[in-house]
Amino acid sequence: MKRLRWLFAAIFLLAIAAVGSLFLPFLAAPPGLLVNIDLGSSTRQISQQLARQGIVRYSWQLALARLLQPHRPLQAGEYQFNQPATPWQIFDRLARGDVHFYLLRIPEGYNMFDIAQTVGQHGLISENDFLDAARNPQLIKDLAPNAPTLEGFLFPSTYRLTRSTTAKALCSQMVSQFRREWAALRPTQPVLPTVTLASLVEKETSLPAERPLVAGVYSKRLAIGMKLDADPTTIYAALLLGTWRGTIYRSDLDRPHPYNTYKTTGLPPGPIANPGAAALAAALHPATTDNLFFVARADGSGGHRFSPNAAAHQRAVADYRRGHQKTATPTTPHPSPLRAN
């Protein structure tokens, strides 16, 4: 009987020690280690994996934590371990699905090709997979039935991606953010033409004070049936065709294409980039203006000179060319033809 009591006492003490070990911090792995828990992994497999990688001291510790919390299954995903933690804390993280996120920042004015390249650099989603998803307009068909793609509706913001995020899921996040931003503006105009105009504004200027002015010039041109002659649309047409060479050539301007507003009248079939909230607001509320033209200033400010007629515009263009020649170097490539807008 005495031996039996000693045995029970020893078992009790071992149990206390085992439970106590769940609250002792440990980390033998290099800080910042990323560990991927595969979908369908058992508690035993996860415990052994974390023990091998130096996240917990013994594999049985997670198994014990699971025994004490039988109704909390462990979640698959990629986890990062930056500092020592107790097995109990690690179990809690895995049960909550506190996975590692990659931050994806998409600036205003990026088109779907720019976004695809940025996403591809993370190594989570391939460029081709993203473009395939972005070319399917189904996610926005209720708001913009005639949208040719998701271009314009992939709202520029910062997004959190995980190892399991798919191209379609990312596009869905971005479109959902667009919907929130669009609703906040309380729009009364049709979605597709407004977003298309906003995308032109976004590509033409980054200066807040100029956005309504650029929108006003384009709106006035549209009202009188005058071609927009917008360089960014010519670039986008070349991107769609896979012929963009980094500089606008005369052949680009002369190429018949629905997105080339040097050859077509009116807005292009859809947006050419993804505008931010300020550009959307400018398209919804363009400035009232007599100006029909604008050209970049040569002072590097990013600003433009606006003109009401062709004669004043040509003087502005001449000033730009003189300023551009002063700053050009022998190795500078031939400048893009100046638009007549």
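The values are calculated or read from the model by the stated rules, or taken from the named source; none is laboratory data. Given the structure is predicted, the values throughout are model-derived calculations rather than measurements. Here the Cβ positions follow ideal geometry from the backbone for every residue, glycine too, while neighbour counts run over all protein chains shown.
The condition of being within 29 Å of Cys171 (Cβ to Cβ), crowded, with 19+ Cβ neighbours inside 10 Å and not aromatic (Phe, Trp, Tyr) holds for only one of Ala296, Ala277, Ala273, that being Ala273.
Residues checked against (1) among the polar types (S, T, N, Q); (2) farther than 26 Å from Leu197 by Cα; (3) free of Cβ contacts under 8 Å to residues at least 40 places away in the same chain:
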| position | (1), (2), (3) |
| --- | --- |
| Ser59 | yes, yes, yes |
| Phe101 | no, yes, no |
| Asp129 | no, yes, yes |
| Asn136 | yes, no, yes |
| Ala147 | no, no, no |
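Scanning the range 80-121 for residues that are among the acidic types (Asp, Glu) and out of contact with any helix residue (DSSP H, G or I) (no Cβ under 9 Å at 6 or more places or on another chain) yields one hit, Asp114.
Is it the case that Leu200 is closer than 13 Å to Pro271 by Cβ and either in contact with a Lys or Arg (Cβ under 7 Å, 6 or more places away or on another chain) or at pLDDT 95 or above (or both)? Judged against the criteria, Leu200 is a match. Meeting the requirement of 1 or more residues that are farther than 15 Å from Pro148 by Cβ and among the charged types (D, E, K, R), the helices (runs of 4 or more DSSP H) wholly within the range 230-301 are 231-241, 250-254.
Of all residues in the range 232-247, which are under 18 Å from Ala296 (Cα atoms) and either surrounded by fewer than 16 Cβ atoms within 10 Å (Cβ to Cβ) or at pLDDT below 95 (or both)?
The one that is under 18 Å from Ala296 (Cα atoms) and either surrounded by fewer than 16 Cβ atoms within 10 Å (Cβ to Cβ) or at pLDDT below 95 (or both): Thr247.
Scanning the range 49-70 for residues that are among the polar types (S, T, N, Q) and either modelled with pLDDT of 95 or more or part of a loop (DSSP other than H, G, I, E, B) (or both) turns up Gln49, Gln53, Gln69. For Phe12, the criteria (1) loosely packed, with under 15 Cβ neighbours inside 10 Å; (2) of a type outside the set (Val, Ile, Thr); (3) at pLDDT 95 or above hold in every case but one, which is (3). Considering only residues in the range 201-211 that are in a helix (DSSP H, G or I) and in contact with a Ser or Thr (Cβ under 9 Å, 6 or more places away or on another chain), the one that is nearest to Arg305 (Cα to Cα) turns out to be Arg211.
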